[in-house]
């Protein structure tokens, strides 16, 4: 069985992502942004920020054809943020934070989670390399499901119980409801979005209402990522 994994290798201002099927995706920093170069199609896109408006990725150009494949322009950083927050609605219902029906929330300890994945052989990382196996992650989750003691140990290690007020006053953005049935994404404006964990809809496809997300999806057109 071929394992579904990816490897990220960083060198100076360049990053190469090795995907299944001998595909690679390159990212190179430029003076005004970054260039994205997949090897499975003829796309070669550059994203550039605008120092006057502060909006990231304002200009998108297909350098291969030397013509715009998309022209993403924002008049201000606020305009960019408004569109992105609107797209985040794909994650679930927008509501005031105090409307979340839970006495407390679980906050994910990202550092602890990374350590657990390394110990389980799901991920390897160094200053210049990141390797991640989706196949091994699936096996790890299945193992936890079959071992209640191991699952409890895992849960206690990577999740911290926090009261709602503590959660909303923190800089953290990602929480889970007590039974882990919903993911809660906190926005900086006092609102949150709740997404049922069982939601089968492709969230990123639904986020394509944001022009910058739509252009990013164009770069990944055509490549079947199954190994």
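Values quoted throughout were computed directly from the atomic coordinates according to the rules given, and no laboratory measurement underlies them. The structure presented is a predicted model; accordingly, all values stated were derived computationally and were not measured. Counting neighbours? That spans all protein chains shown, and the Cβs are built from the backbone with ideal geometry, glycine included.
Each label was represented as a point 7 Å from its Cα along the Cα-to-Cβ direction; for residue 22 and residue 142 these points are 2.9 nm apart. Each residue, residue 217 and residue 163, gets one label point 7 Å from its Cα in the Cβ direction; the gap between the two is 4.2 nm.
Taking the average, over residues, of other Cβ atoms within 10 Å as the packing measure, peptides 125-134, 97-106 rank 97-106, 125-134 from highest down. Put simply, when 171-180, 139-148 are sorted by average Cβ atoms within 10 angstrom per residue, most first, you get 171-180, 139-148.
What percent does the relative contact order of segment 88-157 come to when contacts are Cα pairs within less than 8 Å and at least six residues apart? Relative contact order here is 20 percent.
The slack in the chain from residue 99 to residue 126, taken as 0.36 nm per residue of separation less the alpha-carbon distance, amounts to 5.6 nm.
Compactness ratio for segment 90-136: Cα radius of gyration over 2.2 N^0.38 Å (N = residue count) comes to 1.73. Counted by neighbouring Cβ atoms within 10 Å, the residues 31, 86 run from fewest to most as 31, 86.
Applying 1/(1 + (r/R0)^6) with r as the Cβ-Cβ distance of residue 82 and residue 174 and R0 = 30 angstrom yields a FRET efficiency of 0.90.
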